[in-house]
1. Please give the peptides 48-55, 11-18 ranked by average Cβ packing (other Cβ atoms within 10 Å per residue), highest first, as a rough proxy for protection.
2. What is the spin-label model distance, in nm, from S142 to S43 if the labels are put 7 Å beyond Cα along the C-beta direction?
3. DSSP loop (so not H, G, I, E, B), at most 13 other Cβ within 10 Å: list which chymotrypsin sites (Phe, Trp or Tyr not before Pro) in region 96-154 pass both filters.
4. Would you please give the residues with an amide H less than 5 Å from that of Y89, counting only those at least 5 places away or on a separate chain, with H modeled from the backbone geometry?
5. So how much slack lies between V111 and N160, counting 0.36 nm per residue of separation and subtracting their Cα-Cα distance, in nm?
6. What percent of all Cα-Cα pairs in the chain falls in each 10 Å bin, counting up from 0?
7. So for the chain, averaging the separation of alpha carbon pairs under 8 Å that are six or more residues apart and normalising by length, what relative contact order in percent results?
8. Ranked highest first by average number of other Cβ atoms within 10 Å, how do 37-43, 174-180 line up?
Amino acid sequence: SSFDCLYATYNFSIVGQEGNTKFAINGEFYNQGDRFLVKTYFSDIYCNGEYKAVHDKSVQEISFMDHNKGDMNMIENPFAVLKGGVETYTLEETVKSAVYDGKECWVVTMVPENDRADHFSVSIAVAKGDFSVKNISYRSKSGDTYNVLVYTTSECGMKNGAFFEPDLDSMPDVEVNDLR
């Protein structure tokens with residue numbers, strides 16, 4: 001939150017309860033206030049703070065939908081838990097240590113107070129020393145683990161509002177679905 005505009009590179013993966021990797025992808029993430037942009041090779045998710053636009057590049061389709069600022073769905077915004085705060089979670093008393101991307105980290109695990117949440121816990125690893133976020137891991141009730149390994153985090157220059165919205169004029173062959 002100390003950055004005017006955050007930029008991060010990361011790897012997002014889904015690991016099944018049996019331990020196999022079901023899905024993995026590298027991506028880029030920009031965040032400025034309530035706005036964010038998630039970029040991968042197969043989709044871009046734009047959020048201007050009021051609505052989201054998901055560009056599925058494989059079928060050249062953009063779907064517009066309302067944005068729920070309280071939604072912490074990791075598929076749509078891998079960093080939502082960092083902005084959501086901890087008021088709806090109970091913190092486990094034991095802080096663990098682990099190594100992520102070669103950095104020693106503190107790992108804090110949070111358990112949702114709402115039994116209807118779609119996950120059992122969220123663990124956040126921060127580097128000892130500079131407290132940069134290195135890993136975010138959701139353990140879902142379906143048995144899968146959603147994991148974000150953060151490679152880099154930096155401040156980037158302020159972006160104008162259009163940066164967080166798709167430029168439909170430059171995408172003439174894209175089908176638009178407005179679900180708002």
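Just so you know, all these numbers are worked out from the coordinates, no wet-lab data involved. Since the structure is predicted, the reported quantities are computational estimates derived from the model, not experimental observations. All Cβ positions, glycine included, derive from the backbone under ideal geometry; neighbour counts span all protein chains shown.
1. Working: 48-55: 17.9, 11-18: 15.2.
Averaged packing, sorted descending, gives the order 48-55, 11-18.
2. Taking the simple label geometry, S142 and S43 are separated by 1.2 nm.
3. On the way: sites: Y100, W106, F120, F131, Y138, Y146, Y151; in loops: F131.
Passing both the DSSP loop test and the Cβ count: F131.
4. Correct list: E113.
5. Details: separation 49, 0.36 × 49 = 17.64 nm, distance 3.61 nm.
Net length gain for the segment: 14.0 nm.
6. Once binned at 10 Å, the Cα pair distances of the chain give 9, 34, 38, 16, 3, 0.
7. Values: 382 pairs, mean separation 45.9, N = 180.
Averaging sequence separation for qualifying contacts and normalising by length gives 26 percent for the chain.
8. Numbers: 37-43: 16.0, 174-180: 11.6.
Order by mean packing, descending: 37-43, 174-180.
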